[in-house]
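The values are calculated or read from the model by the stated rules, or taken from the named source; none is laboratory data. Worth saying up front: this structure is predicted, and the values here are computed from it rather than measured. Cβ sites come from the backbone with ideal geometry, for glycine too, and all protein chains shown count toward neighbours. The protein model used for the area step is the full one, side chains on, heavy atoms only, and it has no ligands, DNA or RNA in it. Shrake-Rupley method; radii C 1.70, N 1.55, O 1.52, S 1.80 Å.
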Amino acid sequence: MSLESRIKQHAHTLGFELAGIAAATEADGFAHLQDWLALGFAGEMAYMSNHANARGHPRSILPAVRSIIMVGINYKQPADSEPPTANTGRISCYARGRDYHDVMREKLKALLAWIQTQAPGTLGRAVIDTAPLLERDYARRAGLGWFGKNTMLIDKKLGSYFFLGALLLDLELQPDAPFDTSHCGSCTRCLDACPTEAFAGPYQLDARRCISYLTIELRGVIPEELSSDIGDWIFGCDVCQEVCPWNRKSPLGVESAFRLP
């Protein structure tokens, strides 16, 4: 069995449902990111523009990088059994249980340690979403899925309820075939269902109108014209994922760290 196959097999053993390998070259969507920032769609997320140039190539994170192992872990939760009351609200699926940064980082470090037993001297760095890497670009390139019109990465089996992680390596590995097709067709359910009309069009999210941005990233007062559309969401939002046909039959996550007591 090749080293690439063994790496992906060990990633699955560690609890990652998705694993693939991408070449560490320029990010495919860097020009799109620049256009998105120029339109002001990042709102008050200054870190997006402050580190924009660094997102053009993964060597800004690991100068000697040659390959990127992309992984995904399912966080889908059972539907709420009780509807929110006047004194309760809804929390996005991704924010339940342990902090996913900690869970993913532990698993990625364990994967790196294992790789170093197979290829001694390998240098690597685990990345979740706190470093300037366009993870979705490399996930698509690693064969993990396609971009939905709501900008989420979608896998045929898992839908879109999964966290992405990356392991940057100075090791030369054979990359997987990229996911070059889309399976959204003419469907626009995610765009049509957004309570605050946050999508300027397919694949174009205006974060300033997104409930997740308004309830997490925004430090000021929520604009009055949007506050009434937020409904009972108090931290994040899952609407554009809930209506996606690819999430109807996707399995629940098995990672215990993401389960509520």
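If I filter the range 157-175 down to residues being part of a loop (DSSP other than H, G, I, E, B) and of a type outside the set (Asp, Glu), which single residue comes out as farthest from Arg136 (Cα to Cα)? So the residue we want is Leu171.
Checked against the criteria, Asp176 counts as more than 25 Å from Gln77 (Cα to Cα) and at pLDDT 95 or above. Being under 20 Å from the mean Cα position of the chain (by Cα) and at pLDDT 95 or above is not true of Ser256.
The condition of being modelled with pLDDT of 95 or more, part of a loop (DSSP other than H, G, I, E, B), in contact with a helix residue (DSSP H, G or I) (Cβ under 9 Å, 6 or more places away or on another chain) and within 26 Å of Arg248 (Cα to Cα) does not hold for Cys190.
Residues in the range 233-257 that are among the hydrophobic types (A, V, I, L, M, F, W, C), closer than 30 Å to Glu197 by Cβ and assigned to a helix (DSSP H, G or I): Val239, Cys240, Trp246. Looking only at residues that are open to solvent by 90 Å² or more (accessible area, probe 1.4 Å) and over 25 Å from Leu218 (Cα atoms) in the range 29-70, which one is nearest to the chain's Cα centre (by Cα)? Once the filter is applied, the top-ranked residue is Arg59. Note on the range 210-261: residues that are hydrophobic (A, V, I, L, M, F, W, C), open to solvent by 60 Å² or more (accessible area, probe 1.4 Å) and farther than 28 Å from Met48 by Cα amount to 4.
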